[in-house]
Amino acid sequence: MSNQRFLIQPPHLSSEKSLKTLVENRSVYTLNHCELNIFETYESSKLVPLKFNDFVVTSMLRGKKIMHLFDDPGFDYLPGETVVIPSNIEMKIDFPEASRENPTQCLALAIDKSKITDTLNFLNERYPKEGSDVYWQLDYQNYFFYNNVDLAATINKLIKECMSTSITKDALADLTLQELLIRIIQTQTVKSIDERISTHTNNPIFEVTEFIRLNLKENINLKSLSDKACMSTASFYRFFKRELGMSPIEYVLNEKIKHAKKLLRNPGIQINEVCYLSGFEDANYFIRLFKKHEGITPKQYQLLYVN
């Protein structure tokens with residue numbers, strides 16, 4: 001999974017006078033098909049229980065939690081990360097660093113089951129997936145992932161609509177909920193590909209992405225990928241973007257950058273060599289693209305691991 005996390009713009013913290021509790025103080029915004037909860041914690045606590053009757057999308061906004069879910073080991077939960085939780089599943093949460101000076105803030109968006117069912121039925125009817133027995137569906141085992149730019153933007157939009165006083169907020173929130181569910185499924189698919197865990201190996205997207213990963217030094221273009229998938233270029237482009245939320249070429253560049261990052265952990269390797277081994281022909285272009293993706297140059301990234 002890529003280490004890049006895109007942050008969500010956090011709402012303002014509650015005023016001290018309005019706090020009802022210092023542990024998971026809750027502000028609620030209720031709409032027709034969802035309920036936005038903003039939780040804030042101002043003191044260190046352990047194993048605080050929380051459960052919702054609906055499917056919940058949670059995203060960290062400030063601070064750090066340790067989440068305990070199912071029978072899995074507890075894990076750090078930080079800004080730029082999202083966890084999705086089925087209905088009626090209890091989570092237990094530690095707040096090891098929370099204080100009045102360093103509060104945690106997290107959103108929990110509870111979505112009506114009917115809205116999820118209607119959205120998935122619409123997607124499967126109007127935009128059926130390629131492959132046998134492959135459908136639009138949420139993956140409840142793949143519950144933790146980093147926000148990409150589109151997912152973060154959609155959550156930001158939904159927070160704005162839920163907190164709005166506009167008379168059209170329910171209609172706009174409904175459209176954004178549909179977009180959010182699509183973004184979550186796409187993000188889960190990308191994570192499954194990254195970690196090579198898939199329950200849908202009959203979906204051609206996994207064969208294509210594996211081909212990309214194994215041939216980064218080759219001249220990979222839209223035509224060669226569509227031929228690999230036995231589709232026209234137009235059909236393949238639509239298929240790929242629907243599955244992963246990005247174009248095939250965007251995915252290829254992301255994989256090249258990911259491979260370059262692995263190579264840069266070797267302090268003795270030269271930047272020109274990393275460029276070539278990652279499938280780039282021009283070192284200056286590679287350096288510009290790497291900095292655009294990571295915020296630092298390849299050399300600066302390499303020095304982080306040396307130091």
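Nothing in this text is a laboratory measurement; each read-out follows from the coordinates by a stated rule. Here the structure is a predicted model, which means the values were calculated and not measured. Please note: Cβ atoms are built from the backbone with ideal geometry, for glycine as well, and neighbour counts cover all protein chains shown.
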Original post:
In nm, what is the difference between 0.36 nm times the number of residues separating LEU138 and ILE167 and their Cα-Cα distance?
Top reply: 7.4 nm
**OP:** Mind putting a number on the dipole of the chain about its Cα centre? Charges go on the C-beta only, +1 for Lys and Arg and -1 for Asp and Glu, and I need it in Debye to the nearest 20.
**Re:** 720
Original post:
Where the centre of each part is set by its Cα atoms, how far does the stretch 273-307 sit from the stretch 33-107, in angstrom?
Top reply: 35
Original post:
Using helices alone, what [θ] at 222 nm do you get for the chain, with -39,500 (n - 2.57) per DSSP H run of 4 or more residues, divided over all residues and rounded to the nearest 500?
Top reply: -13000 deg cm²/dmol
Subject >> Exposure proxy order (Cβ contacts within 10 Å, fewest to most) of VAL28, VAL84 >> reply: VAL28, VAL84
**OP:** Output ³J(HN,Hα) for the stretch 153-161: one whole-Hz value per residue in order, computed from phi by the Karplus curve 6.51 cos²θ - 1.76 cosθ + 1.60 with θ = phi - 60°, and x for Gly and Pro.
**Re:** 5, 5, 5, 4, 5, 5, 4, 4, 5
Original post:
Quick one: length gained pulling ASP71 to LEU222 fully straight, 0.36 nm per residue minus the C-alpha distance?
Top reply: 50.1 nm
Original post:
By per-residue mean of other Cβ atoms within 10 Å, what is the highest-first order of 255-266, 150-161, 289-300?
Top reply: 150-161, 255-266, 289-300
**OP:** State, to one decimal in nm, how far the label point of PHE122 lies from the label point of LEU13, with both points 7 Å from Cα in the Cβ direction.
**Re:** 3.8
**OP:** Could you tell me how many degrees, from 0 to 90 and to the nearest 10, lie between the Cα long axis of helix 248-263 and the main elongation axis, the longest principal axis, of the Cα atoms of the chain?
**Re:** 90
**OP:** Could you order peptides 224-234, 205-215 by the average number of other Cβ atoms within 10 Å of their residues, highest first?
**Re:** 205-215, 224-234
Subject >> C-alpha long axis of helix 204-214 to longest principal axis of the chain, angle in ° >> reply: 60
Original post:
If you rank GLU195, GLU243, GLU250 by fewest surrounding Cβ atoms within 10 Å, what's the result?
Top reply: GLU195, GLU250, GLU243
**OP:** Provide the FRET efficiency to the nearest 0.05 for the GLN270-GLU195 pair, computing r from the beta carbons and using R0 = 30 Å.
**Re:** 0.50
**OP:** For the stretch 108-239, restrict the atom set to alpha-carbon positions and state the Rg and Dmax in Å.
**Re:** 17.1, 54
Subject >> Relative contact order of the stretch 204-306, pairs being alpha-carbon contacts under 8 Å that are 6 or more residues apart, as % >> reply: 24
Original post:
Relative contact order (percent) for the stretch 1-195, with alpha-carbon contacts under 8 angstrom and 6 or more residues of separation?
Top reply: 25
Original post:
The list [x] -0.42, -0.78; [y] -0.47, -0.82; [z] -0.53, -0.91 gives values of log10 I(q)/I(0) by the Debye sum over Cα atoms at q = 0.09, 0.12 Å⁻¹, and only one came from this structure; which label was calculated from it?
Top reply: [z]
Original post:
Over what distance in Å are the Cα centres of the stretch 236-253 and the stretch 129-159 separated?
Top reply: 15
Subject >> C-alpha long axis of helix 113-126 to longest principal axis of the chain, angle in ° >> reply: 20
